[in-house]
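Visitor: Handing you a structure now.
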């Protein structure tokens, strides 16, 4: 009987390289469970920046290294961005967008979730390491360009969504860690009167 060997590095590599799909899935499931629009808004921003990234890649024209593991680097594409062009790195672009958009509220509202912050940071770095060092999907400059474009777009998308939230009297929850997640809002007195009466035992 064959004994399966536990290989921690294989699991780390698997989750790091598939992090974009996992994060997108969790965002959508979170919206479904919480009955809000945050995951859908997050995904909409993701679709926009990935579409823009495809055009940027052809404009920059940086070629994928000849020793790249093309099948592992590209799970869905067979040509073009990620397969022929390497900059901005697709995974780096997505993960930088996800990291910035999800954690922006932490910094603006001082509502830190250190586990989420740390986990996203680790995934961002480990994914880049494996794709550059193990799979040779691109060069460090491709990753840096992906991080830069992802960060810039995430900030723009985040502020656009905060504007929409403000125009709706903060009744909509479109961003993460926006100071309204913990239910600790301000209380105010109203003119309602309360009467107490003694109940006989």
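Here, each number is a calculation from the coordinates, and none is a lab measurement. In this text the structure is predicted, and so the values were computed from the model without any measurement.
Visitor: Given segment 12-167 reduced to its alpha-carbon atoms as identical point scatterers, what log10 I(q)/I(0) does the Debye formula return at q = 0.11, 0.12 Å⁻¹?
Guide: So the normalised log intensities are -0.42, -0.50.
Visitor: On to the next question. Averaged over all directions, how much area does the convex hull of the C-alpha atoms of segment 93-162 cover when projected, in nm²?
Guide: For the Cα atoms of segment 93-162, the hull's average projected area reads 4.6 nm².
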